[in-house]
Amino acid sequence: MVIIAAAAMVNTTFLQYGRTEPFPKPLALRAGPLTALFEPHTGFLRYVRLGDHEVIRAIYGAIRDENWATIPSEVSNLKSTINKDSFALSFDVQCRSQSVDYFWRGSVTGEASGQITFTFDGESRSSFRRNRIGLCVLHPMIECAGKACTIEHVDGVEERGTFPRSISPDQPFFDIRAIRHEIATTGVIADIRFDGETFETEDQRNWTEASFKTYSTPLRLPMPVDVRSRDRVSHTVKLALQGYSKPVLPVLVGRPAQVSIATTPVLPLPPIGLCAARHGNALTPKELARFRALKLSHLRVDLDLSSPNYPALLQRTAAEAEQIGAGLHVALLVSNNAIEEFRSLQPHIAALKTKVLLWLVLPKEDGVTDTKLIRLAQTALTSQTSGALLAAGTRQFFADVNRARNSDSDRPFLCYSINPQVHQPDLVTVIENIAAQVTTVETARDFSSKPVVVSPISLKSPFNPETTLTVPGKGALPGDVDLRQMSLFCAGWTLGSIARLAATGNVHSLTYYETTGWYGVMETEAGTPLPDKFPSKPGTVFPVYHLLADIGEFPGRQLFPSYSSHPLAVEALTLFDGQRRKRILVASYSAEPQEVKIKTGTCKARVRYLDESNAPDAMTSPEPFRAVAGSTLESNGGKIELRLLPFALARVDID
């Protein structure tokens, strides 16, 4: 199916979620009282549930090379027998990338008793170096965090434990043969057993993933490990229920999504900004005009103080920030020659006319800003720019600042980056991981007295110090480019991210993406350098641009917390102003049309959709699209009823 708009052919699925192939449908399975989904295209078993309660988020096989890259899987030869309360699946998986050639056969069975068994039987077909091979189990964050459990170790000794409530900087459980815990408050015990190797558990929320992961091989062992051709690995994971005696029926699963809006607490909307584009081209007058409409708080510019080119970059970004009405967040990437670099920076600071709102002092290489560097920065910067604040932390993940905790009350604002696909890139995982962003901010309260600076936030990580991979060959996209950047999905994911982070009340500022280009919110007027790989049109805006405009143009800078009954299907953000006007922004994460109800009370609303029917024109001609207020809709039974196409967004204005 294609949509013809603005003389261009736009693939519908690409517009929705950045892929040309149809969204694959999972197989619905039942093992007695348990339900689950199996993905034929990935070999993942997801969402093992007892009623509404997630018991296991996912079981899957993973091959990770010496750079921690997950090798893509090609699933074939699926055979299935699916009955009313049992099932049996078998499938083959081929994993190939560069020197890695690995084959494994999987089987998943479910019995009427509620027992589910997943097996992995693998053999290498090449020699390579690996960090991990085998089965991983994801334990759901919401159901497990803070919950008591029993760990059976490989030597048979049992130990009482607790899934951490705050994010643990270290592995909470080691040398695992089995984990047992109650499923919510049902009285039913989930007994999850591991065989084939020694397993341990890590807190994946460190990388903004909404789960705890039990995996092998233990990280205390040397890695990477040499794998020879014909080496074999066999794993089994078995889930059984203890104490199940009466049905646990779902209340929410299987019903349409509903959004509820709380009137307390009233929370400020954090300042939102973008990063200066790393392609280095100046913004055109047309681009500047479009960015003025977003009413951004700031532009972030990253300055490598060891490079002779940074003064020109600072000057250009400062001028662009001033022209769009934004301030500056200046990230200083400092080497071991910090004293001299700060000294050389002084005249460039003195020449700045644009207001610096925040300095982010970060080590140029991997790691966390240490106390010595912070003291040097405080001396060099705060006296030079009146009113500017100081942040320090890492260019990388929350894990890094969590492992280098320092509760010094005089320390600057804590900063770290976020992206949702450190371990798995698939759409479902990226949606799941929106929820984990909140736990980083909440855990930061344990060792930082100030609100956090979350910057940058991107679909993929722009910086991986652990990799030794070479840059892509000529004509290939960089590895940190995500085709979903130009999709409706990116806009919806960003909405969920803003809504969740803002609702914590502990955020200083949020910085997303870049201004223009394939990391940005619009394409440059010159167009992408690789149109056959990144098929954006010159001068178009991406759907996420319209989300930021909907937020920026609304006069209120406060929000009410919004709660979705189905956060994996729908998220919402509710803004309000001093005249009691509300703007409710809603995003669908479903590949199918869905109905969503918003509990608003009796009211009239103006509703405008952004979806596959109008997105091509909205991207090509954003100004006419933004001039449309939407259609009038009256509440029904105190609820506004929306009909959302796949991955659509809706803007609901209530006076």
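A short reminder: the numbers here are calculations on the coordinates, not readings from a lab. What you are looking at is a predicted structure, and each value in this text was computed from that prediction instead of being measured. Quick reminder, even Gly has a Cβ in these numbers, built from the backbone with ideal geometry, and neighbours come from all protein chains shown.
In the chain, the longest principal axis of the Cα atoms and the axis of helix 488-502 are about 80 degrees apart.
If you take the square roots of the eigenvalues of the alpha-carbon gyration tensor of the range 560-654 and sort them as a ≥ b ≥ c, do you get rounded (a/c under 1.5), prolate (a/b over b/c) or oblate? Since a/c reaches 1.5 but b/c is at least a/b, the shape of the range 560-654 is classed as oblate. Once you have a ≥ b ≥ c as the square roots of the Cα gyration tensor eigenvalues for the range 79-157, tell me rounded if a/c is under 1.5, and otherwise prolate or oblate according to whether a/b is larger than b/c. Oblate is the answer for the range 79-157, as a/c is 1.5 or above yet b/c matches or exceeds a/b. If you wrap the tightest convex hull around every Cα atom of the range 336-436 and split its volume per residue, you get 139 Å³. Taking label positions 7 Å along the Cα-Cβ direction at both VAL157 and ARG255, the computed distance is 4.7 nm, reported to one decimal. Computed from label points 7 Å out along Cα-Cβ, the spacing between ARG580 and ALA293 is 3.2 nm. Is the shape of the range 27-242 rounded, prolate or oblate, going by the alpha carbon gyration tensor and its root eigenvalues a ≥ b ≥ c, with a/c under 1.5 for rounded and a/b larger than b/c for prolate? Taking the square roots of the gyration eigenvalues as a ≥ b ≥ c, the range 27-242 is oblate. When both bridge partners sit in the chain, DSSP labels roughly 75% of those beta bridges antiparallel. Taking trypsin sites (Lys or Arg not before Pro) across the range 568-655, the ones in a DSSP loop with at most 15 further Cβ atoms lying within 10 angstrom of their Cβ are ARG580, ARG581. Computed per residue of the chain from DSSP H runs no shorter than four, each worth -39500 (n - 2.57), the mean residue ellipticity at 222 nm is -5000 deg cm²/dmol. Put a dot 7 Å past the Cα of SER126, heading toward its Cβ, do the same for ILE82, and the two dots end up 3.4 nm apart.
How far is helix 338-350 tilted off the main Cα axis of the chain, in degrees rounded to 10, range 0 to 90? It is inclined by approximately 40 degrees. For a modelled paramagnetic label at PHE23, 7 Å from Cα along Cα-to-Cβ, the residues of the range 543-577 in reach, with backbone nitrogen under 13 Å, are 568-571. Full extension of the chain segment joining GLU592 with SER97 gains 175.0 nm, where the gain is 0.36 nm per residue of separation less the Cα-Cα distance.
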